[in-house]
Amino acid sequence: MKATTAGIAFCAAGAVSAAELEVTHWWTSGGEAAAVAEFAKALDATGHTWVDGAIAGSGGTARPIIISRIIGGDPMHATQLNHGRQAEELIEAGLLLDITDVAEAGGWKDIINPSSLLDSCTVDGKIYCAPVNIHSWQWIWLSHKAYEDAGVPVPSNWDEYVASAGALEAAGKIPLAMGQQAWQSSGAFGVINVAVGGVELWNKINVQKDAEAAGGAEMAKVFEAAAAARAMAANSNVQDWNQATNLVITGQAGGQIMGDWAQGEFQVAEQVAGEDYTCLPGLGVNEVISTGGDAFYFPKQGDADIEAAQKELAALLLSPEVQVNFNLKKGSLPVRGDIDLTAANDCMKKGLEILAAGNILLSGDQVLSADTSGQIEDLMVEFWNDPSYSAADAQAKYAQIIGDAD
C-alpha cells in the first residue's frame, strides 16, 4: 500500500506524509487481538493508519507467507517475527530496514532488559528489529474447576501434576490439553526439557549443540517425561492453542503447557489468577523464564516518506505507555525495564520476579536455526502422534538433529 498525502509532523525527520502502514502478524486469538489493537490505536493517533494484516494459523503458517512476500517483491511495511535467527537471510539479502538510528535516539541499549533481546535484533553492529515483549514458554496453566470436580488438590509441581492424571480421567477430564499443531508439541517438549533436565543441560544441547548430552542419561529422563505428557494429552483433539487453553478455562482439562500468551485468553474470559487458575513457571520445578518473544521488522520500501513512518512506528512500539498497554493485554512481560506494572496480575508478577532475579535462558528461536527448529518440530509431530514411537528412539533421532545443527 502506498502513502496517502495528508501532512503531519514526524519528530525525527521533519514534515512527512501520513502513511497507511500494512502490518502483518499472527495474533488472531481473543487475547492477542485485544493486545495488537493497542498498537493500532497508538499508531492511528499519530495520523498514520494501521492497516491490519493478520494471518490466521500461528507463526508456522504466517512466517512462510511473510518471508515469501518480502522476497517476492511485495513487502508489507512492518511485520511481526520472533527476534532471533528467523530473519537472518532477509537481513543478509538487504531486504530489511536498518533502524539503528531509532534505537540510538530511544536509548534502547539502556532500557531493554535483558540485553539479549536487542542483541538478537543486531547483525554486524546494526539493529534491524524492535523487540516488543518477552514471551516465555516455561509455564503450565491449571484449572481450579477441573481439580475441584476431580476432588484432588491443584498441583504445585510437575510430579504432582502427573500423579493427578488418573483422578482427572476418572472425572471425565483431559489431563493435558494440547493442540495438534507441530509448534505446540515442540514447545511443550522444550518446557519439559528445562523443567526436568535443568537449565545447564538445555544450554549444553541448544547453545553448545552437544549431541552427546542430547543422547545421554539425563536427557532420557526428559523424553520419558514427554512420553508421560503424550499419554496425558491422548484425548485432546483440538487444533489451535487457544482452543486448548479454552479447555482449561472451562474446566474440561486439568492443565496446558503453553507460553504466557495464554494469559490473554484467561483475561478475556474474566478469570482471575490464583482464584480460577494457577500458573506454574518452570512447571513448578525449575522456576526460569525463557527470554524470547516478538519483534517487528520493517521491509525496505524505497520511499523516504514510508521509511520515516516505519521508523516512527518502531519508536512508538517501545514507548512506555504502549509497552504497558500492549503487554498487560498480551500476558507478556515488557522489554523495558523502567516502566510501572503495578496493574500486573499474579502470574505476570511471578514472571517479573523471575526476570528481576536473573533466572532466565535464551529462547530456542535465538539459538537454533529455522532449519534445525523445523527438524525438531517434525520429530515431535511423529513422537506425539504415534504412541508406539518409543522415548529411546525419539531421543536417538533428536541427538542426531542436534549433532547436525548449524
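The values are calculated or read from the model by the stated rules, or taken from the named source; none is laboratory data. Note that this is a predicted model, so its numbers are computed, not measured. No Cβ is skipped: glycine too gets one built from the backbone with ideal geometry, and neighbour counts run over all protein chains shown. Note: areas computed on protein heavy atoms with side chains; ligands, DNA, RNA excluded. Shrake-Rupley method; radii C 1.70, N 1.55, O 1.52, S 1.80 Å.
Rolling a 1.4 Å probe over the protein heavy atoms of the chain, with every protein chain left in place, gives an accessible area that is 48 percent carbon and sulfur. Ranking Asp260, Asp124 from most to least accessible surface, computed with a 1.4 Å probe over the protein chains only, gives Asp124, Asp260. Sorting Lys109, Lys173, Lys126 by solvent-accessible area of protein heavy atoms yields Lys109, Lys126, Lys173, largest first, with a 1.4 Å probe. How many nm is it between the label spots at Ala33 and Glu104, if each spot is 7 Å from the Cα in line with the beta carbon? Placing both labels 7 Å beyond Cα along the Cβ direction yields 4.2 nm. From the alpha carbon centroid of segment 282-326 to that of segment 193-226 is 31 Å. Taking GluC sites (Glu not before Pro) across segment 201-294, the ones in a DSSP loop with at most 14 further Cβ atoms lying within 10 angstrom of their Cβ are Glu270, Glu275.
In this label model, Glu88 and Ser390 are separated by 3.4 nm, measuring between points 7 Å along each Cα→Cβ vector. In the context of the full set of protein chains, the chain has a per residue accessible area of 39 Å² (1.4 Å probe). Averaging the sequence gap over all C-alpha pairs within less than 8 Å and six or more residues apart, then dividing by the number of residues, gives the chain a relative contact order of 27 percent. Once all protein chains are placed together, Ser185 keeps about 10 Å² accessible to a 1.4 angstrom probe.
A straight line joining the Cα centroids of segment 91-147 and segment 28-86 runs 15 Å. Among beta bridges identified by DSSP and lying wholly in the chain, the antiparallel ones come to about 65 percent.
Our summary gives segment 121-196 a relative contact order of 22 percent, counting only alpha carbon pairs under 8 angstrom and 6 or more residues apart.
Subtract the Cα-Cα distance of Leu341 and Lys126 from 0.36 nm times their separation in residues, and report this length gain in nm to one decimal.
Additional length available on full extension: 74.4 nm.
Residue pairs exceeding 19 angstrom between C-alpha atoms, taken from Lys204/Lys349; Lys209/Lys397; Lys221/Lys397; Lys41/Lys349; Lys204/Lys350; Lys109/Lys204: Lys204/Lys349; Lys41/Lys349; Lys204/Lys350; Lys109/Lys204.
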